[in-house]
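None of the figures in this text is laboratory data; all of them are computed from the coordinates on show. Note that the coordinates shown come from a computational prediction; the quantities given were computed from them, not determined experimentally. No Cβ is skipped: glycine too gets one built from the backbone with ideal geometry, and neighbour counts run over all protein chains shown.
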Amino acid sequence: MFQIDRHTPCPCGSGRRVDCCCLRPDGQFVPAGCRTSPRPPKTGYSHPRCFASALRDCSSEVSREHYISASVLRQLAVDGRVLIGGLPWVRGGEALELPIGALTARVLCARHNSALAPLDDRAGGFFGAIKREDLESADPATRGTSWVVLFNGHDIERWMLKVLCGLMVSGNMPPGKAHLGRQAVPGRWLRMLFGSLSVPSHWGLYLQRAEVGYVCQSPHPFCFKPLEHDGRLCGAVIALGAFAFALNVGLPREAIGRELSPQALHRPKHLVFAGRSGARGILVGWDRPGADKGLTLTRL
Ligand SMILES: [Zn+2]
Ligand SMILES: [Zn+2]
């Protein structure tokens with residue numbers, strides 16, 4: 001895998017040396033996670049349009065925002081348009097080319113929205129790295145390049161939770177087996193999202209290979225699917241290219257093997273693309289990693 005010299009610049013992109021940045025004494029690379037709790041003091045106010053209103057810490061204004069972060073959509077867009085699949089108003093299974101500005105709704109107050117903004121930046125970098133790898137591997141001039149980047153996995157996990165909440169309250173959650181409709185965000189999810197509650201050990205991010213039958217096309221559609229169990233919404237799956245990222249925020253331990261792919265990796269530590277000459281890696285650091293190591297794909 002990747003040998004990272006402790007005196008080189010840290011792959012998190014901070015500009016600092018690895019040993020003064022994300023390298024922990026146990027040898028793990030874990031960047032600091034984003035702070036997502038609004039600055040104290042609490043406002044004591046609940047805005048009826050904000051999905052975090054139950055936390056009683058809203059501001060009085062609500063703006064129209066992207067429920068799938070603009071920072072991520074911009075990374076995936078070609079000429080300002082993205083291919084999106086799975087949304088309820090997109091016909092069965094198809095992906096639709098949409099302008100970035102179409103995917104907005106009023107779902108958060110300004111205070112809660114700005115508290116979550118750092119997650120959008122991190123997710124933009126993460127999906128940008130996946131896209132960059134894809135483009136470089138398709139081009140003979142860049143196929144042999146090697147690089148490594150590093151992200152905090154809890155940030156990606158909480159970004160997915162933010163998207164799940166936005167899809168849910170804006171009525172854009174793709175229809176699943178059960179018709180779940182518009183519903184309030186569970187208080188437990190809100191406390192995890194805004195950092196006052198940690199994610200239970202078997203919940204969180206799972207990485208799966210995209211389903212068999214996936215047709216490689218560029219640009220790749222960004223596809224959304226609900227994760228359900230017993231008629232309850234338990235998370236979401238976001239697929240992009242060769243990967244499906246599943247966020248479990250409700251599946252009981254015994255149902256995980258049934259609802260997710262048996263090969264799904266919990267909190268993977270890396271996505272590595274190994275080619276004949278170059279190797280490109282996206283490392284993911286966790287405070288509490290899953291048992292699985294990561295996924296290595298061979299590029300021909
Ligand atoms: Zn670092
Ligand atoms: Zn709010």
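Assorted remarks:
- Taken one residue at a time, the phi angles of the stretch 252-263 give Karplus couplings (6.51, -1.76, 1.60, θ = phi - 60°) of x, 3, 6, 8, 4, x, 7, 7, 10, 4, x, 8 Hz. Gly and Pro are set to x.
- Applying both filters, DSSP loop and at most 13 other Cβ atoms within 10 Å, to the trypsin sites (Lys or Arg not before Pro) of the stretch 230-300 gives 276, 293.
- Sites residue 191 and residue 138 - FRET efficiency at Förster radius 35 Å, r taken between beta-carbons, to 0.05: 0.25
- Total formal charge among the other residues, if their Cβ is under 13 angstrom from that of residue 113, Lys/Arg +1 and Asp/Glu -1: +1
- The stretch between residue 232 and residue 183, if pulled fully straight at 0.36 nm per residue, gains 16.6 nm over its current Cα-Cα span.
- Measuring between alpha carbons in the structure, the pairs from 131/225; 42/293; 42/269 lying more than 32 angstrom apart are 42/293; 42/269.
- Summed over all non-identical Cα pairs, the Kirkwood treatment of the chain gives a radius of 19.9 Å.
- Label positions at residue 42 and residue 255, each projected 7 Å from the Cα along the C-beta direction, are separated by 3.1 nm.
- Förster radius 30 Å - calculated FRET efficiency between residue 94 and residue 56 (Cβ-Cβ, nearest 0.05): 0.15
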